[in-house]
Amino acid sequence: MLTIATYGEAVLRQVAEPVTVFDNELHQLAEQMLQTMQQANGVGIAAPQVHRSLQLFIMASNPNPRYPTAPIMAPQVVINPQILQVSEQTVMGEEGCLSIPQQRCQVARYQSIEVKYQDLSGEWYQERLEGFIARIFQHEFDHLQGITLKERATEA
């Protein structure tokens, strides 16, 4: 298990560096991040959250104690992501963050987004994400920009 950075640590406020080397070390980091996220009952985790300032995150939505109604998806490694287009519609929803334990916040996110990213072999993909999966992508993408849930939260 990797150590999860908590709110206030400098690594969470930095813009992450692009990934340029796609090697076994990157594969190992992704696997360790996935295990750390699953152990913490998360649905996503970004490299800055494990003290690595890299443009890398994992989305792995599955129902768990923190997100009992989460849709099921296979773990997806997202590297050097870009958001190409966003819907006009935003949706409020409750979010938590592994770096801000025991807190939930209401956050407005785009209902759907068009994204582009690389996988662990450096291959580029482009797809449209909607609903909860789009929410996870936007949350993790924010971590790569040095933005945490607290900056996005709407006061209740």
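Below, the figures for the structure above:
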{"read-out": "Sole residue being in a loop (DSSP other than H, G, I, E, B), under 19 Å from Q145 (Cβ atoms) and not basic (K, R), chosen from V19, V11", "value": "V19"}
{"read-out": "Any hit, the range 66-82, residues being open to solvent by 60 Å² or more (accessible area, probe 1.4 Å), without any contact (Cβ under 8 Å) to a residue 60 or more places away in the chain and assigned to a strand (DSSP E or B)", "value": "yes"}
{"read-out": "Conditions (1) more than 13 Å from the chain's Cα centre (by Cα); (2) at positive phi: number failed by S53", "value": "(2)"}
{"read-out": "Answer from E31, E25, E17, E9 - the residue that is among the acidic types (D, E), open to solvent by 40 Å² or more (accessible area, probe 1.4 Å), within 21 Å of A153 (Cβ to Cβ) and at pLDDT 95 or above", "value": "E9"}
{"read-out": "Residues of the range 83-105 that turn out to be under 17 Å from Y7 (Cβ atoms) and either open to solvent by 50 Å² or more (accessible area, probe 1.4 Å) or of a type in the set (V, I, T) (or both), as a count", "value": "5"}
{"read-out": "Residue identified as basic (K, R), over 14 Å from the mean Cα position of the chain (by Cα) and under 20 Å from Q35 (Cα atoms) among R66, R128", "value": "R66"}
{"read-out": "Residues of the range 119-148 that turn out to be touching a residue at least 12 places away in the same chain (Cβ under 8 Å), surrounded by fewer than 13 Cβ atoms within 10 Å (Cβ to Cβ) and either part of a loop (DSSP other than H, G, I, E, B) or β-branched (V, I, T) (or both), as a count", "value": "1"}
{"read-out": "Test: residue in the range 41-54 that is more than 18 Å from I147 (Cα to Cα), among the hydrophobic types (A, V, I, L, M, F, W, C) and either open to solvent by 60 Å² or more (accessible area, probe 1.4 Å) or part of a helix (DSSP H, G or I) (or both)", "value": "no"}
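The values are calculated or read from the model by the stated rules, or taken from the named source; none is laboratory data. In this text, all values refer to a predicted model and were calculated from it rather than measured experimentally. No Cβ is skipped: glycine too gets one built from the backbone with ideal geometry, and neighbour counts run over all protein chains shown. The area values use the complete protein model at the heavy-atom level, side chains included, leaving out ligands, DNA and RNA. Shrake-Rupley method; radii C 1.70, N 1.55, O 1.52, S 1.80 Å.
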